[in-house]
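Below is one structure, written out as structure tokens; the observations come after it.
The values are calculated or read from the model by the stated rules, or taken from the named source; none is laboratory data. The structure presented is a predicted model; accordingly, all values stated were derived computationally and were not measured. Neighbour counts are summed over all protein chains in view; Cβ atoms, including those assigned to glycine, are modelled from backbone coordinates with ideal geometry. Surface areas here come from the heavy atoms of the whole protein model, side chains and all, with no ligands, DNA or RNA. Shrake-Rupley method; radii C 1.70, N 1.55, O 1.52, S 1.80 Å.
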Amino acid sequence: MSELFYDAAPNATRVAPERPSPRTYPAKPAEVTLFGTCVVDLFFPEAGLDAIRLLEREGIRVHFPQAQSCCGQPAWTSGYVNEAREVARAQLNLLDNGLPVVVPSGSCAGMFRQHYQEVFAEEPDTLKRVESLAERTFELTEFLLHVCKVDWQDLGQPTQIALHTSCSARREMNTHVHARELLGKLANVERLDHDHESECCGFGGTFSVRMPEVSGAMVLDKTRSLMESGAAEMVTADGGCLLNINGSLEKQQQAFRGRHLASFLWERVSGEVTP
């Protein structure tokens, strides 16, 4: 076992890569584009609407191009390079407007910021546009925390929650750091640690389809850890993980559930309780 494993802080990403240099954040813009992600669009549309509400609450006009689809991550991580490139090219053309791009998913934001440079590595002219998109891309909690610099009044009842961040989002976008700090601004919310926070939920896009037994074992460990934390619910900013975790909980006939962080945050700051 490596020394890095032993020296890691509790719930640190296992054998974590070197953290990128801190970003320089711009002033709060008047307008942004929301890239809703295909999973949010298909399975958690209310979370996308809540992300828009959070941004509009900060006085920002939100554009939502109707032609947006998938970021290309499933095809890319499965080795379908040409197919991923065509999907990515469509999104790049759509988002090539100079506006900041806010994404309610750390893994999709990481695709824009890091992997598009690999997708278009052999197209120098396209790479210039990719670099522009990377600099303009922000995961939702990162944007609210460091660009909007939100100062919220928590209008919800006292509660205890557990946080899940996807493993790729932790590595590529530091979403666990941003989400923890943002949740820490809510006076009536206590975040409880759980011993599998840094572990993959087993979704991994097509991984869960190609290796269902391994995926199933991983999500059982994840759900067990979440329920044993004592939290009332789990929140996460990644729709794929949410889909996988809630699906496993339903199959186990457990009442415990997770929901998208955007919806949780909107409920706390708006005072509107989700039915």
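Worth a mention:
- Part-to-part distance (alpha-carbon centres) for the range 175-254 and the range 52-96, which is given in Å: 24 Å
- Label reach from residue 121 (point 7 Å along Cα→C-beta): in the range 64-81, amide nitrogens under 15 Å belong to 76-81.
- When the Gaussian network model of the chain links Cα atoms closer than 10 Å, the mean-square fluctuations of 187, 162, 51 top out at 187.
- Shape class of the range 127-230 from the Cα gyration tensor (axes a ≥ b ≥ c, square roots of the eigenvalues): oblate, since a/c reaches 1.5 or more and a/b does not exceed b/c.
- Calculated from backbone phi, Karplus (6.51, -1.76, 1.60) coupling profile of the range 262-269 in Hz, x at Gly/Pro: 4, 5, 4, 5, 4, 4, 5, 8
- In order along the range 111-116, the Karplus-derived 3J(HN,Hα) couplings, from 6.51 cos²θ - 1.76 cosθ + 1.60 at θ = phi - 60°, round to 4, 5, 6, 10, 7, 4 Hz, and Gly and Pro are given as x.
- In this structure, the amide hydrogen of residue 31, modeled 1.01 Å from its nitrogen in the peptide plane, lies closer than 5 angstrom to those of 61, counting only residues at least 5 positions away or on a different chain.
- At an R0 of 35 angstrom, the distance between the Cβ atoms of residue 134 and residue 257 translates into a FRET efficiency of 0.55.
- Here the label points at residue 93 and residue 41, each 7 Å from Cα along the C-beta direction, are separated by 1.5 nm in the simple model.
- Amide H partners (placed H, <5 Å) of residue 139, local residues excluded: 103
- Reachable aspartates and glutamates from residue 149, criterion Cα separation under 13 angstrom, eight or more residues apart if same chain: 58, 181
- For residue 233, nonlocal amide neighbours, meaning residues 5 or more places apart or on other chains whose placed amide H falls under 5 Å from its own, are 162.
- Across the accessible surface of the range 159-270, with the other protein chains kept in place and a 1.4 Å probe, carbon and sulfur atoms take up 50 percent.
- Among 107-120, 191-204, the order from most to least packed when residues are scored by Cβ within 10 Å on average: 107-120, 191-204
- Cβ crowding within 10 Å averaged over residues, with 172-180, 219-227 ranked highest first: 172-180, 219-227
- The range 138-197: C-alpha gyration tensor shape, a/c 1.5 cut-off, then a/b vs b/c: oblate
- Ordering of 71-77, 96-102 by packing is 71-77, 96-102, highest average first (other Cβ atoms within 10 Å, averaged per residue).
- Computed from backbone phi, the HN-Hα couplings of the range 125-137 come to 5, 5, 4, 5, 5, 4, 5, 5, 4, 4, 5, 8, 9 Hz, rounded to whole numbers (Karplus: 6.51 cos²θ - 1.76 cosθ + 1.60, θ = phi - 60°; Gly and Pro given as x).
- For the pair residue 154 and residue 83, a Förster radius of 30 Å applied to the C-beta separation gives a FRET efficiency near 0.10, rounded to the nearest 0.05.
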